[in-house]
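Undergrad: Once you've had a glance at the structure underneath, I'll fire off some questions.
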Amino acid sequence: MPEKKSPGPSVKDDELYEKLRDEGNSKEKSARIANAAANTSRSEMGKRGGSSPAYEEWTVEELRDRAAELDVEGRSDMTKDELIEALRER
């Protein structure tokens, strides 16, 4: 297995960055989360986020509106499960 490259000097928490990348998050998202966590404790980071119901609790109309905000292509033909999957990939 190839050795992992360092994410670079701009990432403040290499360990968290690599964990997030392994989970499938983008480089940008992983770096943003890792840097925010490095500025405060990790437990504090979880408290800062907003509160929103899980996508499963949203209506199809609400999911389509959110998908439109994110320019998800084909959203008008997607089922609720497909919309949820597309939004989670963003």
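Undergrad: List every residue pair whose Cβ atoms sit under 6 Å apart, with the two residues 6 or more apart in sequence or on different chains, where the first one lies in region 19-39 and is loosely packed, with under 14 Cβ neighbours inside 10 Å and the second, anywhere, is assigned to a helix (DSSP H, G or I).
TA: none
Undergrad: Please verify whether Ser52 is at pLDDT below 95, of a type in the set (S, T, N, Q) and not in a helix (DSSP H, G or I), treating the condition exactly as stated. Walk me through how you get there before you give the answer.
TA: Numbers: at pLDDT below 95: yes; of a type in the set (S, T, N, Q): yes; not in a helix (DSSP H, G or I): yes.
When the stated conditions are applied, Ser52 passes them.
Undergrad: Please give the number of the condition Asp22 fails out of (1) modelled with pLDDT of 85 or more; (2) more than 17 Å from the chain's Cα centre (by Cα).
TA: That leaves (2) as the condition not met.
Undergrad: Just to be sure, is Ala86 part of a helix (DSSP H, G or I), modelled with pLDDT of 75 or more, in contact with a Leu (Cβ under 6 Å, 6 or more places away or on another chain) and surrounded by 15 or more Cβ atoms within 10 Å (Cβ to Cβ)?
TA: Values: part of a helix (DSSP H, G or I): yes; modelled with pLDDT of 75 or more: yes; in contact with a Leu (Cβ under 6 Å, 6 or more places away or on another chain): no; surrounded by 15 or more Cβ atoms within 10 Å (Cβ to Cβ): yes.
No; evaluated as a whole, the condition is false for this residue.
The values are calculated or read from the model by the stated rules, or taken from the named source; none is laboratory data. Here the structure is a predicted model, which means the values were calculated and not measured. Glycine gets a Cβ as well: all are built from the backbone with ideal geometry, and neighbour counts include every protein chain shown.
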